[in-house]
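Heads up: the structure comes next, in structure tokens.
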Amino acid sequence: MRISKEKLAIAQAKAMLDSKNLAKKANVSINSVLQVGKYNMQPVTVGKIAKALNVDVTEIIELEK
């Protein structure tokens, strides 16, 4: 599962969270947040990030066609 870098940026702006604070709130490493869009992530990591941003997972992931 891959998080869209653009969608994440929008969600972060709405939540007013920078990457460091997002990582802390989601209880994931800062590297996980900084590597968004480059690699597939474990579903639990995606879920933690979405929960920290108070959005549904589908709002931040890249949808495969």
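The values are calculated or read from the model by the stated rules, or taken from the named source; none is laboratory data. This structure is a prediction, so every number in the text was calculated from the model and none was measured. Using ideal geometry, Cβ is built from the backbone for each residue, glycine included, and neighbour counts are taken over all protein chains shown.
So that you can scan it fast, the table gives a plain yes or no per residue for (1) surrounded by 13 or more Cβ atoms within 10 Å (Cβ to Cβ); (2) part of a helix (DSSP H, G or I); (3) in contact with a Gly (Cβ under 9 Å, 6 or more places away or on another chain); (4) not hydrophobic (A, V, I, L, M, F, W, C):
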| residue | (1), (2), (3), (4) |
| --- | --- |
| 1 | yes, no, no, no |
| 17 | yes, no, no, no |
| 25 | yes, yes, no, yes |
| 28 | yes, no, no, no |
| 31 | no, yes, no, yes |
| 37 | yes, no, no, yes |
| 55 | yes, no, no, no |
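So which residues in segment 39-53 are in contact (Cβ under 8 Å) with a residue 40 or more places away in the chain, surrounded by 12 or more Cβ atoms within 10 Å (Cβ to Cβ) and part of a helix (DSSP H, G or I), if there are any at all? Answer for segment 39-53, where residues must be in contact (Cβ under 8 Å) with a residue 40 or more places away in the chain, surrounded by 12 or more Cβ atoms within 10 Å (Cβ to Cβ) and part of a helix (DSSP H, G or I): 46, 49, 53. Hey, can you tell me all the residues within segment 21-59 that are among the β-branched types (Val, Ile, Thr) and either touching a Lys or Arg at 6+ places or on another chain (Cβ under 8 Å) or closer than 15 Å to residue 9 by Cβ (or both)? Passing the criteria: 28, 30, 33, 36, 49, 55.
Note on segment 3-15: residues that are outside any helix (DSSP H, G or I) and of a type in the set (Val, Ile, Thr) total 1. With respect to the conditions (1) at pLDDT below 95; (2) over 8 Å from the mean Cα position of the chain (by Cα), residue 15 falls short on a single one, namely (1).
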